[in-house]
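Notes to accompany the following structure.
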Amino acid sequence: MSEKEYIHTVTINKKRCIGCTRCLRVCPTKALRIRNGKAIILQDRCIDCGECIRVCPQKAIYSKIDDLDIINNYKHKLLVYSSVLIGQFKKYKNFKKILNLMSYLGFDEIVGVDIGALIISDVIRSFLKHNRDKTYITTNCPAVVRLIQVKYPSLIDNMLPFKNMMDVAGEYLKKEYMKKNQVKEKNIGLFYLSPCPSKAQAVYQPEGEVKRIFDGVFSMEEVYNNLRYIMEKKDIHLDKDIELENVTESSLKWSTLGDVDSQFKDFTSLRIDGIDNVIEFLEEIEEGDFKEIDLVDMYSCQNGCVGGVFTNENPFVCEHRIRHIASSFPDSVDEIPPICEGDYCSLSKPLKPRPVEPIDKNMSNAVKKMKEIEEVFKKLPKLNCSICGSPTCYNLAEDIVLNEDVSIYDCPVVLRRNLRNMAKDLFEMAGRIDPIEEKKDKE
Ligand code: SF4
Ligand code: SF4
């Protein structure tokens, strides 16, 4: 696969779309347009953040991911679940019993992504001890990683050169299972239970990796509904706890709430959540601010992963439950699982910028087109209303110069202005008709 072929899970059902433009206004990378009355996604700009899914009143935008049935293609079925799952249930105090119900869905072994948080935090701490030259950014939120690749390539070097906690948890689970059960890798299906489209996309195309780590990904919403069905309809008694090893209070809080402070007490660290806050913060880091901050853990969703598009529960309620559950775990474990022996936790290849399509590959043509864009932009009203089908007036100017299907008359303000001028001209012209000629015409 070439670097330019991006896989996306966020998809539009054109039959449902009514062209209302709400999705255009929230997209952080200006990846959406309305053409012929329907929304389309510009593939090179989309970062699969899912913000458009959240606001679409027609449910026309969705994330296309795997069905649970695919686990049947494998003899051994393993699942890494986003630990946000444990805050989704009203009977949350029974979370170890609820997790045990995963066996009814067919999984042989499961772990929470918090195991990845525990392992990778140790690696990050030793890295930061020797690297205090800049503000480092975690790789935990794939939408943030892609946002940096697309819009802030100068900050690529600020990204930690390590796998995110989901991938580390996946590597850990698979290796432990193979060792314990003497099973060959080809017989194992490793899956991820995702709280958002961005992590789902990262399963299909992990940044900084040469091959996929997971064999499939499911939405938390789907699995939550399945578990509720099992609990309610199948007369199951919640009587058996699942064994949870290697969980600490701080790893659980970091992996679910982005509570980075508790995990990196010897460093200055911050959590930033919500795509607008992330963008503002990235711009400030780019300008050289915040050098005193060692580590920033950024999440595109408001409230972090508890606010993911695939979650069912109110994020504040979910956070409250998780804090309660986390307080029942110890502050540390005797020994951190040894997955990072060798170099398993490092990215397999460096992260690279992911630029959007250039204006023109030829430099002088690109300069010419830039000037044309500026000229067109001057004629537009700068209202950024999106009615034309492009997110801002500047985007419309770009689209007019770079895309033959779009015209300046797609802007209703320009169209009205021109029609008014034409009407005025016609009126004036009508007034100039020679009265003798007019009389002749009538005769
Ligand atoms: S929000 Fe976007 S995808 Fe949804 S109906 Fe409106 S234009 Fe169509
Ligand atoms: S997923 Fe995010 S980046 Fe992609 S089109 Fe939707 S809002 Fe824009």
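A compact globular protein would have a Cα radius of gyration near 2.2 N^0.38 Å; the ratio found for the range 281-323 is 1.55. How far is helix 114-130 tilted off the main Cα axis of the chain, in degrees rounded to 10, range 0 to 90? The angle comes out at about 80 degrees.
For the chain, the share of accessible area belonging to carbon and sulfur comes to 49 percent (1.4 Å probe, ligands and nucleic acids excluded). Taking the Cα atoms only, what angle lies between the long axis of helix 275-286 and the longest principal axis of the chain, rounded to 10 degrees? Rounded to the nearest ten degrees, it is 90.
Taking M165, M429 and ordering them by how much accessible surface each has at a 1.4 Å probe, largest first, produces M429, M165. Largest first and in whole Å, the equivalent-ellipsoid semi-axes of the range 129-253 read 32, 19, 17, each the square root of five times a Cα gyration tensor eigenvalue.
Solvent exposure of the range 351-422 amounts to 65 Å² per residue of accessible area, where only protein heavy atoms count and the probe is 1.4 Å. Within the full protein context, the accessible area of E283 is estimated at about 80 Å² for a probe radius of 1.4 Å. GNM on the chain, alpha-carbon springs under 10 angstrom: the most fluctuating residue among S346, S255, S300 is S346. Largest accessible area first, the residues I12, I148 order themselves as I12, I148 under a 1.4 Å probe with ligands, DNA and RNA left out. Only helices enter this figure: runs of n ≥ 4 DSSP H residues, each worth -39500 (n - 2.57), summed and divided by the residues of the chain, yield -12000 deg cm²/dmol at 222 nm to the nearest 500.
Distances over 28 Å make up what percent of all Cα-Cα pairs in the chain? Roughly 56 percent, once rounded to a whole number.
Dimensions of the range 301-385 from C-alpha coordinates, computed as largest minus smallest value along each principal axis and given longest first, are 64, 41, 19 Å. Axis angle, to the nearest 10 degrees, between helix 412-431 and the longest C-alpha principal axis of the chain: 10 degrees.
Of all DSSP-defined beta bridges confined to the range 1-115, some 65% are antiparallel rather than parallel.
Leaving ligands and nucleic acids out of the surface, order T11, T256 by accessible area at 1.4 Å, largest first. Intermediate results must be reported in sequence, preceding the final value.
On the way: T11 35, T256 0 Å².
Largest accessible area first, the list is T11, T256.
Taken over the alpha carbons of the range 10-63 as equal point scatterers, the Debye sum produces base-10 log I(q)/I(0) values at 0.13, 0.21 Å⁻¹ of -0.23, -0.63. Calculate log10 I(q)/I(0) of the range 369-437 for q = 0.19, 0.28 Å⁻¹, where I(q) comes from the Debye formula with a single equal point scatterer on each Cα and nothing for solvent. Evaluating at q = 0.19, 0.28 Å⁻¹ gives log10 I(q)/I(0) of -0.71, -1.18.
Using a probe of 1.4 Å on the protein chains alone, the accessible area found for R132 is around 130 Å².
The values are calculated or read from the model by the stated rules, or taken from the named source; none is laboratory data. All of these numbers come straight from a predicted model, not from anything done at the bench. Heavy atoms of the whole protein, side chains included, go into the accessibility calculation; ligands, DNA and RNA do not. Shrake-Rupley method; radii C 1.70, N 1.55, O 1.52, S 1.80 Å.
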